[in-house]
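Report on the following structure.
Derivation of every value follows stated rules applied to the coordinates shown; laboratory data play no part. Predicted, not measured: the structure shown is a model, and the values here were computed from it. Here the Cβ is made from the backbone with ideal geometry for all residues, glycine too, and neighbour counts use every protein chain on show.
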Amino acid sequence: MTPEQEQALIKQCRDNPAAFGLVFDTWYKPVFGYVYRRTANYDVSKDIAAETFLKAFLKIDHFQWRGISLSAWLYRIATNELNQYYRSNKYKPQSLQQLLENPQLEKLLHPTIDDEREMLDKELKAFDDYNQVRKNLLKLDLKYQEVISLRYFEQKTNTEISMILGKNEGTVKSLISRGLEKLRNMC
């Protein structure tokens, strides 16, 4: 999606909240996949992805175009939710009450869940090495987990990662390099 298309979509969402469905339809699967690959827990991933899109829906009026794409903004929210999950032993979505009060948002929690689960399970089983990499990745500091996951699992560029995490691009390159070196030393 071009920046102009994203800006038009944001305006549509502000004028008509139902237009947020296009944001959801476009980015739910990639964001959910990112969260799932970080947690390897389907139910927690559903909660985090739902919370990510709920927060985006509630804050879309405050989103200001500053060269950061809508996609990067969604990944930033998801990353913040993941950080909250890893800081606490039990993830507690903060916006659930708001969701219960707004039945229009229910589709955020129920997008062909069985199909999605089956597809993701097949994808993970196809890569036996993934589990070993993930175990080693979880031993790293969160700062390395974030950049490596975004770079190699989500195929984000260093520029996109710097926008998602709000870090300097040079810092991102350095974190990726150091994180990969630490992973190599674990093998």
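A few notes on this one:
- Calculated from backbone phi, Karplus (6.51, -1.76, 1.60) coupling profile of the range 66-75 in Hz, x at Gly/Pro: 10, x, 9, 5, 4, 4, 4, 4, 5, 5
- Order of Arg151, Arg76 under a 10 Å beta carbon neighbour criterion, fewest first: Arg76, Arg151
- Rg to Rh, two decimals, where the range 133-185 supplies the alpha carbon set and Rh follows Kirkwood: 0.94
- Counting other Cβ atoms within 10 Å as a rough exposure proxy, the listed residues Lys156, Lys167, Lys139, Lys46 run Lys139, Lys167, Lys46, Lys156 from fewest neighbours to most.
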